[in-house]
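To start, the structure itself, in structure tokens.
Laboratory data are not the source of any read-out in this text; all were calculated from the coordinates shown. Bear in mind the structure is a predicted one, so any value in this text is a computation, not a measurement. Cβ: placed from backbone, ideal geometry, glycine included. Neighbour counts: every protein chain shown.
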Amino acid sequence: MLKGILILFGAFAGLIALVAIIGAMLPVKHVATQSADYGKPPDAVWATITDPTKFAAWRPNMKTATPADPADPRRGWTEIWSHGEQVPITVEEWTPPRKLVTRLGPGMAFGGTWTFELAPTPAGTRLRITENGEVYNPIFRFLSRFVFGHTASMRDYLKGLGKAFGEETQVAG
């Protein structure tokens, strides 16, 4: 019985070590892009993606977002995700209604920027998000690459935005 427990524990520890080793061999930085079309004009899409007070209504896995300055969202905001993690967001570029660049705050297991590019289409707006991401922890790096995928958060974001507009959204890479 004890020998079986030790073998099981050893196998589990070996698996974690293997995941960490593979994760350490992966690059810290990655670039991923996803896009979706919406039946709303760029101004309407811009207003929705830049109003943190309303993020929790349409963004999956988000409890709330608090603007650093309620009168000026260009000053950034803090997102509180469903599992309680507080994520500070700073704005690096604000070009309404065409381009928004945000950066995750420091001190996390991951970081980087999201670049939002809005382009008018005959039916409304195409929103493209490019993630210039960094995953510092090798175990999280492994999971991000092989389990969740680098595009999972962007896909959830784009689909949530579609629901905010009452639309079924198709996300493309």
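State which residue is surrounded by the most Cβ atoms within 10 Å (Cβ to Cβ) when the search covers only region 22-53 and only residues that are in contact (Cβ under 8 Å) with a residue 12 or more places away in the chain and more than 30 Å from residue 161 (Cβ to Cβ).
Filtering region 22-53 for residues that are in contact (Cβ under 8 Å) with a residue 12 or more places away in the chain and more than 30 Å from residue 161 (Cβ to Cβ), the one surrounded by the most Cβ atoms within 10 Å (Cβ to Cβ) comes out as 23.
When you go through 66, 48 one by one, which is the residue that is under 21 Å from the mean Cα position of the chain (by Cα) and assigned to a helix (DSSP H, G or I)?
Unique residue meeting the criteria: 48.
Quick one: residue 57 ticks every box in (1) surrounded by 15 or more Cβ atoms within 10 Å (Cβ to Cβ); (2) out of contact with any Pro (no Cβ under 8 Å at 6 or more places or on another chain); (3) touching a residue at least 40 places away in the same chain (Cβ under 8 Å) bar one, so which box is it?
Of everything listed in (1) surrounded by 15 or more Cβ atoms within 10 Å (Cβ to Cβ); (2) out of contact with any Pro (no Cβ under 8 Å at 6 or more places or on another chain); (3) touching a residue at least 40 places away in the same chain (Cβ under 8 Å), residue 57 misses just condition (1).
Which pairs have Cβ atoms under 6 Å, sit 6 or more apart or on different chains, and link a residue in region 99-121 that is touching a residue at least 40 places away in the same chain (Cβ under 8 Å) and more than 17 Å from residue 32 (Cβ to Cβ) to one that is in a strand (DSSP E or B) and among the basic types (Lys, Arg)?
119/126
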